[in-house]
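The block underneath contains the structure these notes are about, expressed in structure tokens.
The values are calculated or read from the model by the stated rules, or taken from the named source; none is laboratory data. What you see is a predicted model; the values in this text were computed from it and never measured. We place every Cβ from the backbone using ideal geometry, glycine too, and count neighbours over all the protein chains shown.
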């Protein structure tokens with residue numbers, strides 16, 4: 001292998017050519033510098049790439065007429081140029097990009113890449129395989145910067161030396177991407193996402209403060225796998241701690257699969273010659289069919305804005321372009337097609353110092369949709385989780401309003417009603433406060449696997465199903481009369497919990513993705529009082545199976561920790577009263593509640 005200087009290697013470039021530059025941390029900086037120097041003698045050269053960590057001098061206004069950047073994904077180093085009209089943006093699904101090079105939709109005249117020192121007839125593309133492998137194999141002219149600091153990675157990361165036309169020596173550090181400090185919002189989002197990720201899941205996650213916080217929150221999970229277009233130090237930490245084992249993966253079991261990585265030198269050293277990390281091109285890693293081959297696949301992606309119908313804006317706002325389509329849709333569709341899979345969109349509830357809501361009634365003009373409302377599954381902010389898959393527009397609006405920042409909820413509800421997204425006068429809880437995720441738990445009661453959690457306005461349909469499944473006798477015991485129906489407003493009131501003077505815990509039976517409400521225990525206090533009214537209702541076919549007792553136990557602990565000292569309810573037997581005394585005794589021993597509890601009346605013995 002003969003090497004030449006960067007200037008010599010780039011001398012063949014001509015005006016009007018399209019040049020692909022290597023991605024992410026593997027951008028060949030010496031070749032970029034030589035390209036910038038060469039470009040001033042040329043006209044209308046198109047420089048194309050995904051996000052890169054290096055400086056992009058060719059995006060400066062002084063290069064106008066000589067070089068025009070074309071972003072397949074807009075990075076911080078080119079965003080200003082795109083916004084000023086000095087650079088272009090090509091929206092595309094990441095898994096399709098290699099095929100665009102091969103098909104001639106985006107023919108490449110040249111590719112500037114970085115490689116590890118060759119071994120035999122091959123060279124590894126190291127930490128960025130993504131679209132670069134296809135570029136090397138299809139560009140008319142290829143220049144490779146040979147860097148001894150570039151790790152040799154396993155998987156489908158190699159290219160033939162015969163596909164490379166010029167080699168340039170270029171020892172230098174691989175660019176690093178430091179971890180960002182987690183904000184309070186990011187930490188809460190991570191906590192909510194943790195509730196959605198089951199042990200044994202295979203996950204995909206991006207870069208940034210929120211993805212980093214999500215990864216950190218997954219500590220303690222078991223046998224997770226990774227199939228992600230990129231990985232960072234957060235993934236490495238989960239591998240080193242034993243959280244990520246890949247044992248349960250149905251595709252490439254035991255291995256982390258990715259197309260590129262960005263992080264610290266520690267990460268780059270870890271992936272070097274390590275078959276536990278497999279690097280493959282984007283048309284494989286991001287192919288929705290391949291992604292769906294992983295059972296329990298969970299995609300976790302960021303967004304700029306979500307409207308009340310579930311449309312996700314991720315690349316632009318108000319006509320300004322910020323990033324790109326990238327791999328979000330690839331993984332959203334692949335994950336939701338996976339057996340037991342989930343797709344999660346994460347975003348803070350506000351922007352611009354809390355002055356703008358990221359949950360909007362409608363998208364503003366010039367704001368593009370990346371993930372459609374038909375694709376959406378879960379949306380998570382620091383205020384909770386909205387489950388939107390297969391939900392009506394009204395159900396979506398209710399769920400998304402509840403995870404918006406409290407200061408914007410009332411206005412969102414009013415706007416939604418004006419547009420017909422909500423029924424006029426829809427009952428919602430007071431806007432202040434967050435959903436108490438800490439009260440959610442999984443419980444096994446006999447042979448039943450239950451999720452016990454506070455009710456939310458999104459549970460209106462579940463509450464209706466519970467009501468209409470009850471017998472007249474059960475309904476009469478709950479409401480004092482054998483009601484055959486409730487009004488829409490009454491159902492909404494039953495799930496509009498303020499978590500201050502009232503609490504309602506539901507027992508949801510786990511049936512795949514379905515969560516069937518089989519019982520509810522609720523209390524209500526009057527302002528300033530420590531005595532609460534207690535009501536319990538369990539579906540007829542789930543009574544005397546321990547559901548009611550489990551709900552009352554959970555409610556007693558919750559109430560005691562919130563200052564409730566006594567309950568009052570209807571007399572049917574001493575069982576619940578004994579259970580309440582025992583629960584409050586447990587709470588008292590832990591120092592979580594009041595000094596004692598008084599049973600005002602014996603309560604319904606629903607087992």
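Among the strands (runs of 3 or more DSSP E) confined wholly to the stretch 235-304, which include 2 or more residues that are touching a residue at least 40 places away in the same chain (Cβ under 8 Å) and touching a helix residue (DSSP H, G or I) at 6+ places or on another chain (Cβ under 8 Å)?
277-279, 297-302
Report the residue count in the stretch 10-31 for those that are in a helix (DSSP H, G or I), touching a helix residue (DSSP H, G or I) at 6+ places or on another chain (Cβ under 7 Å) and either within 26 Å of residue 265 (Cα to Cα) or outside the structural domain of residue 146 (by TED's automatic domain parsing) (or both).
Taking the stretch 10-31 first, the residues in a helix (DSSP H, G or I) are 10, 29-31.
Next, from what is left, pick out any that are touching a helix residue (DSSP H, G or I) at 6+ places or on another chain (Cβ under 7 Å): 10, 30-31.
Of the ones still in play, those that are also either within 26 Å of residue 265 (Cα to Cα) or outside the structural domain of residue 146 (by TED's automatic domain parsing) (or both) are 30-31.
The number of residues fulfilling the criteria is 2.
Looking at (1) under 16 Å from residue 18 (Cα atoms); (2) assigned to a loop (DSSP other than H, G, I, E, B), which one does residue 113 not meet, given that it meets all the others?
Condition not satisfied by residue 113: (2).
Please give the number of the condition residue 383 fails out of (1) modelled with pLDDT under 95; (2) surrounded by fewer than 19 Cβ atoms within 10 Å (Cβ to Cβ); (3) touching a helix residue (DSSP H, G or I) at 6+ places or on another chain (Cβ under 9 Å).
Unmet for residue 383, out of (1) modelled with pLDDT under 95; (2) surrounded by fewer than 19 Cβ atoms within 10 Å (Cβ to Cβ); (3) touching a helix residue (DSSP H, G or I) at 6+ places or on another chain (Cβ under 9 Å): (2).
From 313, 276, grab the single residue that is at pLDDT 95 or above and more than 18 Å from residue 370 (Cα to Cα).
Numbers: 313 fails: more than 18 Å from residue 370 (Cα to Cα).
After applying the criteria, what remains is 276.
Going by the structure shown, is residue 187 in a loop (DSSP other than H, G, I, E, B), in contact with a helix residue (DSSP H, G or I) (Cβ under 6 Å, 6 or more places away or on another chain) and within 24 Å of residue 382 (Cα to Cα)? Give the steps one after another, and end with the answer.
Details: in a loop (DSSP other than H, G, I, E, B): no; in contact with a helix residue (DSSP H, G or I) (Cβ under 6 Å, 6 or more places away or on another chain): yes; within 24 Å of residue 382 (Cα to Cα): yes.
For residue 187, the condition - in a loop (DSSP other than H, G, I, E, B), in contact with a helix residue (DSSP H, G or I) (Cβ under 6 Å, 6 or more places away or on another chain) and within 24 Å of residue 382 (Cα to Cα) - is not met.
Taking residue 362 and the conditions (1) in the same structural domain as residue 196 (by TED's automatic domain parsing); (2) under 30 Å from residue 489 (Cβ atoms); (3) out of contact with any strand residue (DSSP E or B) (no Cβ under 8 Å at 6 or more places or on another chain); (4) not in a helix (DSSP H, G or I), which numbered condition does it fall short on, given that it satisfies the others?
It fails just one condition, (3).
Restricted to the stretch 399-457, and to residues that are in contact with a helix residue (DSSP H, G or I) (Cβ under 8 Å, 6 or more places away or on another chain) and without any contact (Cβ under 8 Å) to a residue 40 or more places away in the chain, which residue is surrounded by the fewest Cβ atoms within 10 Å (Cβ to Cβ)?
424
For residues that are touching a helix residue (DSSP H, G or I) at 6+ places or on another chain (Cβ under 7 Å), in a strand (DSSP E or B) and closer than 14 Å to residue 466 by Cβ, tally how many sit in the stretch 484-515.
Matching residues across the stretch 484-515 total 3.
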